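Student: Can you keep this structure in mind? I'll have questions shortly.
The values are calculated or read from the model by the stated rules, or taken from the named source; none is laboratory data. Since the model is a prediction, treat every value here as computed from it, not as a measurement. Using ideal geometry, Cβ is built from the backbone for each residue, glycine included, and neighbour counts are taken over all protein chains shown. Surface areas here come from the heavy atoms of the whole protein model, side chains and all, with no ligands, DNA or RNA. Shrake-Rupley method; radii C 1.70, N 1.55, O 1.52, S 1.80 Å.
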Amino acid sequence: MLTLHGFNVSNYFNMVKLALLEKGVDFKINNVHPSQDEAFLKISPRGKVPCLETEQGCFSETNVILEYIEETQGGKPLLPKDPFERANVRALAKEIELYIELPARMCYPEVFFGGKVDQAIKDKAKADLLNGVAALKRHGKFSPYVAGDQMTIADVVFLYSIDLASIVAKKAFGIDLLADLPEAAKLLELLGQNPHVKQIEADKNAEMQAFIAAAKAGK
C-alpha cells in the first residue's frame, strides 16, 4: 500500500491526496511536517512534503508523485491518452505552479502568519501573479475544466494554487485576481462541490488553527 507523508494544511500535499482519492487508490497517510531530522531526510532528501512511500522506496516532488500515480495506478485517468493533449495538461499544470502558486507563496509570511515581506518582493509577486493569470486565460480552456471537458492533473494543481493566490491578491494588493477570468471562478465553485474536495477541506480546517498558531510562534 502507498503511504503519503505530509499534513493536511499543505496545498501540495492536498494535490496528491486529491489525485489518490479521485483515482480510488488505497493509501495511508503519515501526518508529518517538513523536517531536517536525519530519519526524515532518508525518505525525503530535502525534508519536504509531500513524500510518497512505495514498496520500492520513497520520493518527493509533487509533480513527479502525480505522474507516478497516473502511471502506476488504475481508476479515473487524470491525463489524456493522446500524447499532445497529455503534454498540454502538463504544461498548464506547470504554468500554474511556476507563475501563480510560487509568486503567491512569496507573500504567505505576511498574508497568513503576521510577518512582513519586503515591498520589492511584493511588487514582483503582484506583477508575476497578474502575468500568470493572463497566461492562464490565454492557455486554459475552462470548458468547464482547465484543459477541457475532463478533470485532469491541471485542475488538481489549479485548485490548490488559485485559492491561496486569490487570498494573497486580495489581502496583499486589494485586487480580485480572477476579475478578468470568471471562468476560473466558476471552476473553483464546481470543484468545491466534489465530495473528495469537501473531505480535504474539512481535514485542512481541522488542523488550520493549530498550524497557524505554531507558525506564528516560530515553531
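Student: Could you say whether any residue in region 173-186 is part of a helix (DSSP H, G or I), of a type in the set (Asp, Glu) and within 16 Å of the chain's Cα centre (by Cα)?
Tutor: Checked region 173-186: no residue is part of a helix (DSSP H, G or I), of a type in the set (Asp, Glu) and within 16 Å of the chain's Cα centre (by Cα).
Student: Right, here's the next one. State yes or no: is residue 216 at pLDDT below 95 and out of contact with any strand residue (DSSP E or B) (no Cβ under 7 Å at 6 or more places or on another chain)?
Tutor: So residue 216 passes the test.
Student: Hey, another quick one. I'd like to verify a number: residues in region 110-167 that are assigned to a loop (DSSP other than H, G, I, E, B), free of Cβ contacts under 8 Å to residues at least 60 places away in the same chain and out of contact with any strand residue (DSSP E or B) (no Cβ under 6 Å at 6 or more places or on another chain), how many?
Tutor: Within region 110-167, residues that are assigned to a loop (DSSP other than H, G, I, E, B), free of Cβ contacts under 8 Å to residues at least 60 places away in the same chain and out of contact with any strand residue (DSSP E or B) (no Cβ under 6 Å at 6 or more places or on another chain) number 10.
Student: Give the residue, chosen from 163, 128, that is of a type in the set (Asp, Glu) and under 21 Å from residue 21 (Cα atoms).
Tutor: The unique qualifying residue is 163.
Student: Shifting gears a bit: Picking from 111, 117, 133, 89, which residue would you name as being farther than 30 Å from residue 212 by Cβ and modelled with pLDDT of 95 or more?
Tutor: 89
Student: I would also like to ask the following. Scanning region 187-197 for residues that are surrounded by 12 or more Cβ atoms within 10 Å (Cβ to Cβ) and part of a helix (DSSP H, G or I), which turns out farthest from the chain's Cα centre (by Cα)?
Tutor: Step by step, filter region 187-197, then rank; the result is 190.
Student: Give the residue that is nearest to residue 78 (Cα to Cα), with candidates limited to residues of region 120-163 that are in contact with a Phe, Trp or Tyr (Cβ under 9 Å, 6 or more places away or on another chain) and of a type in the set (Lys, Arg).
Tutor: Step by step, filter region 120-163, then rank; the result is 126.
Student: Just one of the numbered conditions (1) closer than 14 Å to residue 140 by Cβ; (2) not in a helix (DSSP H, G or I) is not true of residue 218; which one?
Tutor: (1)
Student: Which of the residues that make up region 151-181 are open to solvent by 10 Å² or more (accessible area, probe 1.4 Å) and touching a Cys at 6+ places or on another chain (Cβ under 7 Å)?
Tutor: Hit for region 151-181 is 172, nothing else.
Student: Determine whether residue 28 is under 20 Å from residue 154 (Cβ atoms), modelled with pLDDT of 95 or more and either of a type in the set (D, E, K, R) or more than 17 Å from the chain's Cα centre (by Cα) (or both).
Tutor: No; evaluated as a whole, the condition is false for this residue.
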